[in-house]
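Visitor: My structure is below; once you've seen it, I'll send some questions.
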Amino acid sequence: MLNQFSRTQLLIGEEAIEKLHNSRVAVFGIGGVGGYVCEALVRSGVGALDLIDDDKICLTNLNRQIIATRKTIGKYKVDVMKERILEINPQAKVAVHQCFFLPENADEFAFDNYDYVVDAVDTVTAKLSIIECCRAKNVPIISAMGAGNKLDASRFRVADIYETSICPLAKVMRRELRKRNVESLKVVYSDEPPITPLDDMSTSCRANCVCPPGAERKCTDRRAIPGSTAYVPAVAGLIIAGEVIKDLAGNQLEN
């Protein structure tokens, strides 16, 4: 029967589509990368999504985040992403967690029920905790490495964390994962050397913070504010989503 996933089914088959419909994916971080992950997952037919983020949409998100528009500034990212997902597929099941994931609240998340986890957060502490939770529950996970301060979207690669190079975040993650005896981790990273952002205080969030009132993590609290473009994080997110779809659909996408 003709439906909104018919064009995808022409490529991967009915069995793979059914697997996607019955899958539950948790996306940690609904920003420049995570937003595009969610977009591609729902359009591919993933039936259930958990969205985890504590941020509100900011003026400076408009250059790269798919959920950021003038109308959504000041709204919680998870709420806007949920609304968008349901506009695409009203049958999708969406759970929102309006919080920042940390070891202290890890017990609040149903890792046992996730078929796949996407790590698109930007702090090492949260990444390590998510990875360790997945390892404890034997849940597949893919992690996004640094997408900021990059201009060449063709330089993204899918690899094991221990096969990465150049990316500063991946270097830190390799060191910390070795300490925790984590032997493998699927990641998407860029082998483009990071660009040093221009030192222009007239456009710096440090001098001109526009975070919505009540924001728990303001730009002025960050050690460094990376530059970004419309297309680099989008490409990273779409690559990640593609890997999730392939892994969930199984043999149907291996040929």
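The values are calculated or read from the model by the stated rules, or taken from the named source; none is laboratory data. Since the model is a prediction, treat every value here as computed from it, not as a measurement. Positions of Cβ are generated from backbone atoms using ideal geometry, with glycine treated the same way; all protein chains shown enter the neighbour counts.
Visitor: Name the residues in region 102-121 that are under 14 Å from D53 (Cα atoms) and at pLDDT below 95, would you?
Guide: Correct list: L102, N105, A106, E108.
Visitor: A further question on this structure: Tell me yes or no: at least one residue of region 230-244 is surrounded by fewer than 17 Cβ atoms within 10 Å (Cβ to Cβ) and either within 15 Å of G32 (Cβ to Cβ) or modelled with pLDDT under 95 (or both).
Guide: Yes, that holds for at least one residue.
Visitor: With (1) part of a loop (DSSP other than H, G, I, E, B); (2) buried (at least 19 other Cβ atoms within 10 Å of the Cβ); (3) within 18 Å of the chain's Cα centre (by Cα) as the list, and I142 as the residue in question, which single condition is left unmet?
Guide: Of the numbered conditions (1) part of a loop (DSSP other than H, G, I, E, B); (2) buried (at least 19 other Cβ atoms within 10 Å of the Cβ); (3) within 18 Å of the chain's Cα centre (by Cα), the odd one out for I142 is (1).
Visitor: Would you mind stating whether I73 is part of a loop (DSSP other than H, G, I, E, B), in contact with a strand residue (DSSP E or B) (Cβ under 9 Å, 6 or more places away or on another chain) and surrounded by 23 or more Cβ atoms within 10 Å (Cβ to Cβ)?
Guide: Numbers: part of a loop (DSSP other than H, G, I, E, B): yes; in contact with a strand residue (DSSP E or B) (Cβ under 9 Å, 6 or more places away or on another chain): yes; surrounded by 23 or more Cβ atoms within 10 Å (Cβ to Cβ): no.
Answer is no for this residue.
Visitor: Within region 41-53, can one find any residue that is in contact (Cβ under 8 Å) with a residue 24 or more places away in the chain and exposed (fewer than 15 other Cβ atoms within 10 Å of the Cβ)?
Guide: No.
Visitor: Among the residues of region 14-46, count how many are among the basic types (K, R) and either modelled with pLDDT under 95 or more than 13 Å from G237 (Cβ to Cβ) (or both).
Guide: Within region 14-46, residues that are among the basic types (K, R) and either modelled with pLDDT under 95 or more than 13 Å from G237 (Cβ to Cβ) (or both) number 2.
Visitor: A further question follows. Could you tell me which residue of region 74-101 is farthest from D53 (Cα to Cα), considering only residues that are out of contact with any helix residue (DSSP H, G or I) (no Cβ under 6 Å at 6 or more places or on another chain) and of a type in the set (A, V, I, L, M)?
Guide: Residue satisfying both the conditions and the ranking: L86.
Visitor: Right, something else. When you go through L128, L177 one by one, which is the residue that is crowded, with 16+ Cβ neighbours inside 10 Å, more than 17 Å from the chain's Cα centre (by Cα) and either among the hydroxyl-bearing types (S, T, Y) or closer than 22 Å to A26 by Cα (or both)? Spell out how you get there, then give the answer.
Guide: Values: L128 fails: more than 17 Å from the chain's Cα centre (by Cα).
Result of the check over L128, L177: L177.
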